[in-house]
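The block underneath contains the structure these notes are about, expressed in structure tokens.
The values are calculated or read from the model by the stated rules, or taken from the named source; none is laboratory data. Remember, predicted model here, so these are calculated numbers, not experimental data. Please note: Cβ atoms are built from the backbone with ideal geometry, for glycine as well, and neighbour counts cover all protein chains shown.
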Amino acid sequence: MYDFIRGPMVWISIAIFFGGILWQVFRFLTLSQAIEEPKLKRPAGLVAEVPPAGVGGFLHALKLSIFKTSPGMIIVTSVFHLCLVMVPLFLLGHNILIERAIGFSLFSFSERTSDVLTVIFLFCGLFFLYRRLFLPRVRIITSGYDFLMLLLATAPFITGLLAYHQLFDYKTLMVLHILAGEAMLICAPFTKFVHMVYFFAVRFSVKGEWALGSGNRNW
Amino acid sequence: MFKKNTAGVDTDLIKKRLDSRKAKMKLSLAACAHCTLCAESCFLFNARDNDPTYMPSYKFINSIGVLYKKKGMVDRAALQDIRDVVWDRCVLCTRCYCPFGIDIPEMIAFARTICREQGVFPDFEKEQKHAG
């Protein structure tokens with residue numbers, strides 16, 4: 001059983017994860033279509049606003065974004081998502097296993113760095129939990145499913161941290177850690193985590209007021 | 001087995017309408033992470049002392065979201081509730097922001113279409129709710 005979940009099951013989960021992402025991208029492409037000409041054009045007499053150069057330009061862009069209304073949430077969510085992707089990808093333990101399996105691996109953070117980033121990630125998770133429980137606007141649209149999603153995202157990190165520090169039974173925690181990671185990979189493209197695909201697909205390709213990219217597609 | 005009282009509601013027609021845009025609507029509902037970053041983009045939310053029932057995500061979850069969740073098997077009272085959400089709490093100004101680019105106005109407009117087809121819509125002349 002242990003050999004199965006740390007062997008073939010890992011590859012199955014990764015295949016489902018990437019297969020699911022491809023399926024969602026395909027779904028997005030079938031639901032939207034490419035558009036030729038932008039329908040709205042800036043009137044000839046209206047000069048485009050030129051943002052200040054350098055750091056000033058970045059701050060100017062931030063002020064025009066959602067960062068202006070919800071700076072705390074934007075900082076926490078950015079850190080949370082960066083850690084969510086970076087920590088497992090650049091974890092020394094994972095990379096040693098990948099190296100053994102395929103003879104190639106990405107560079108690794110020091111164990112201390114990964115440890116600190118994991119704790120930061122979990123604090124961000126706590127921030128989300130606090131919002132879900134105590135902020136009226138979040139609470140009103142929160143269901144059990146949202147808590148399950150938060151648990152699914154943080155479980156691999158909680159079990160990984162406990163296993164690394166050899167708290168509780170190491171072997172049991174390792175099994176839970178592997179299962180939690182695989183569950184997250186398998187569920188990601190088919191649950192609320194699908195927002196990871198649609199953030200990039202929609203914000204960068206669909207034309208709109210808040211588009212981040214060229215906007216050459218439309219629903 | 002308990003059967004919902006859907007008298008006076010053409011549930012088949014609602015189901016047909018829901019199916020016609022199922023893929024995109026279900027996707028939009030699934031992509032919503034319930035982050036509430038859309039709240040401040042709604043001028044009604046700001047004008048009503050940050051009342052969360054004016055939040056764009058609350059509005060589409062409690063209108064088109066309910067219709068999909070119940071697969072169109074709703075009673076008249078549920079449609080009245082949806083009517084209150086999609087007309088009284090939204091003016092379709094299309095200014096709502098979503099970090100994932102969810103087309104919220106389209107969802108609200110679609111809920112309005114379904115309500116209107118069932119004869120559930122505000123009669124402004126009779127109601128005169130905000131008349132001076």
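The criterion of at least 2 residues that are modelled with pLDDT under 90 and more than 30 Å from A:PHE193 (Cβ to Cβ) is met, among helices (runs of 4 or more DSSP H) falling completely within region B:1-112, by B:11-20, B:76-83.
When A:ALA163, A:ALA155 are checked against the criterion of being surrounded by 17 or more Cβ atoms within 10 Å (Cβ to Cβ) and within 21 Å of the chain's Cα centre (by Cα), A:ALA155 stands alone in meeting it.
Is it the case that B:TYR97 is of a type outside the set (Lys, Arg), within 14 Å of another protein chain (Cβ to nearest Cβ), free of Cβ contacts under 8 Å to residues at least 40 places away in the same chain and surrounded by 18 or more Cβ atoms within 10 Å (Cβ to Cβ)? Against the criterion (of a type outside the set (Lys, Arg), within 14 Å of another protein chain (Cβ to nearest Cβ), free of Cβ contacts under 8 Å to residues at least 40 places away in the same chain and surrounded by 18 or more Cβ atoms within 10 Å (Cβ to Cβ)), B:TYR97 does not qualify.
Taking the criterion of being among the aromatic types (Phe, Trp, Tyr), closer than 25 Å to A:LEU185 by Cα and in a helix (DSSP H, G or I), the only residue of region A:62-106 that qualifies is A:PHE80.
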